[in-house]
């Protein structure tokens with residue numbers, strides 16, 4: 001549902017009728033239709049795509065971005081959401097629209113803490129989020145599993161099994177959610193118990209190790225390792241400032257720092273009401289530029305160090321919000337504020353969002369604001385063996401199903417998915433085909449770098 005939809009609380013529809021409507025969609029777009037070519041007619045050349053995606057980024061960081069994308073086919077894939085969107089444009093779709101993650105590759109599922117301190121696992125990147133065909137997220141996930149498995153030395157059959165099992169798990173969880181009371185399905189938390197529901201028991205140790213690390217990943221730890229004390233002459237207090245680590249972490253000039261603090265002050269109004277008084281009890285001690293991610297390298301990203309009660313510290317990230325790479329390929333209106341778009345998508349899709357997630361504008365550019373690495377962790381899909389990769393695929397498929405069920409009635413989606421394996425096999429074959437295409441794209445970028453088309457700089 002969008003803000004433009006008409007609310008009707010009077011008409012009653014049986015679950016059987018909703019399911020039947022979903023099942024009828026299979027006639028126009030049967031599951032086998034999702035086994036389609038990898039490259040689409042709207043695909044640009046690889047070099048042209050990379051050059052276009054470099055526009056608007058900080059020129060001095062472009063060599064670092066290219067270095068990250070050339071590291072492996074999986075790394076290239078992580079920075080090429082727009083290229084896959086071009087390939088998916090016009091491909092068969094059921095007609096059901098979800099709030100997409102937009103970049104649902106296997107490394108964009110991570111652990112983080114709820115306000116109560118519980119560690120959950122969910123989609124954790126919404127830079128590209130928009131309403132679109134649910135199939136796009138699922139296909140991107142499955143292709144990424146094949147690429148991650150290949151990078152980790154997993155055999156081809158096991159890579160295919162991981163992709164197919166992700167689809168199978170997606171279908172199974174949608175069916176379960178379709179049979180639950182609405183309130184229970186809406187509030188289903190993707191915590192450690194999700195491993196059992198997704199039949200991902202092999203990942204229990206991986207999850208617990210990542211969760212233990214996440215519990216230690218706090219603002220206080222960042223301050224201890226990445227900041228130093230100094231005497232603030234203006235206040236007479238002992239304060240903290242970041243330690244520089246070029247090019248990853250560098251200080252900004254005073255003018256930029258003031259603009260960032262202005263942005264933080266205006267961001268407060270975008271928080272949910274109960275949290276506005278919370279953030280205003282802090283004061284900014286220092287700000288710095290911070291390079292992040294793979295697809296985000298070259299975008300403006302800052303971290304702010306704030307003092308709280310006594311020795312308490314809080315580190316916030318302010319990350320530039322750019323147009324979604326999917327927008328040119330989806331029939332939607334223009335976005336008023338890209339930061340607001342990202343926050344809206346995260347709040348709709350995630351089971352629990354960061355309580356300090358909001359948006360702002362700094363020197364005319366849109367940004368999102370969130371806690372930096374607080375209680376965050378991950379499981380690296382490229383490090384998993386065949387059994388664990390298969391379980392990871394089932395877990396990610398389950399998490400994606402829960403996320404999509406926030407914006408699509410799961411009964412409608414369950415009707416389309418039904419209980420056969422045609423979709424598992426169709427998307428599995430497509431995932432392998434798209435992984436092959438990505439490897440060819442990566443090789444083309446390597447050739448362009450070798451020929452001097454792009455500068456490159458290792459960390």
- Gain upon complete extension [residue 11, residue 55; 0.36 nm per residue less C-alpha separation]: 10.9 nm
- Item | Stokes-Einstein D for the range 218-371, Kirkwood Rh over Cα pairs, 10 °C, 1.306 mPa s (µm²/s) | 96
- residue 355 to residue 312: extension gain in nm, 0.36 nm per residue of separation minus the Cα-Cα distance? 13.7 nm
- Message: Sort 437-443, 96-102, 228-234, 171-177 by the packing proxy (mean of other Cβ within 10 Å over each peptide's residues), most packed first.
- Response: 96-102, 171-177, 437-443, 228-234
- Message: Given R₀ = 22 Å, what would the calculated FRET efficiency be for residue 183 paired with residue 274, taking r from the Cβ atoms and rounding to 0.05?
- Response: 0.60
- Query: Taking a ≥ b ≥ c as the square roots of the eigenvalues of the Cα gyration tensor of the range 105-258, is the shape rounded (a/c under 1.5), prolate (a/b larger than b/c) or oblate?
  - Reply: prolate
- Pairs of Cα atoms farther than 24 Å apart, the range 323-417, %: 44
- Query: For helix 134-151, what angle does its Cα long axis make with the longest principal axis of the chain, in degrees from 0 to 90 and rounded to 10?
  - Reply: 80
- Which order, highest average first, do 247-255, 124-132, 308-316 follow once you tally other Cβ atoms within 10 Å for each residue and take the mean per peptide? 124-132, 308-316, 247-255
- Message: So for the chain, averaging the separation of alpha carbon pairs under 8 Å that are six or more residues apart and normalising by length, what relative contact order in percent results?
- Response: 32
- Task: Just report the Cα centroid separation between the range 1-77 and the range 297-354, whole Å.
- Result: 19
- Just need the relative contact order of the range 218-371 here, percent rounded to a whole number, with Cα pairs under 8 Å and 6+ apart. 22
- Query: Rule-of-thumb check for the range 77-136: C-alpha Rg over 2.2 N^0.38 Å?
  - Reply: 1.31
- Summing -39500 (n - 2.57) over the DSSP H runs of n ≥ 4 in the chain and dividing by its residue number, what mean residue ellipticity at 222 nm do you reach, to the nearest 500 deg cm²/dmol? -14000 deg cm²/dmol
- Message: Suppose R0 equals 25 Å. What FRET efficiency, 1/(1 + (r/R0)^6) with r the Cβ-Cβ distance, do residue 237 and residue 262 give to the nearest 0.05?
- Response: 0.65
- Query: Which angle from 0 to 90°, rounded to the nearest 10, does the C-alpha axis of helix 15-28 make with the longest principal axis of the chain?
  - Reply: 80
- More than 32 Å apart: what percent of Cα pairs in the chain qualify? 39
- Length released on extending from residue 450 to residue 39, taking residue separation times 0.36 nm less the Cα-Cα span: 145.5 nm
- Which distance in nm do the two modelled labels at residue 436 and residue 331 give, with both placed 7 Å along the Cα-to-Cβ direction? 3.2
- Task: Go through 374-386, 142-154 and give me the packing order, highest mean Cβ count within 10 Å leading.
- Result: 142-154, 374-386
- Message: Using only Cα atoms and rounding to the nearest 10 degrees, what angle (0 to 90) does helix 156-179 make with the longest principal axis of the chain?
- Response: 90
- Item | Rg over Rh [alpha-carbon atoms, Kirkwood Rh] for the range 138-215 | 1.02
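Only the coordinates and a few stated rules stand behind these numbers; no lab work does. Computed from a prediction, not measured in an experiment: that's the story for all the values here. All Cβ positions, even for glycine, are placed from backbone atoms using ideal geometry, and neighbour counts span all protein chains on display.
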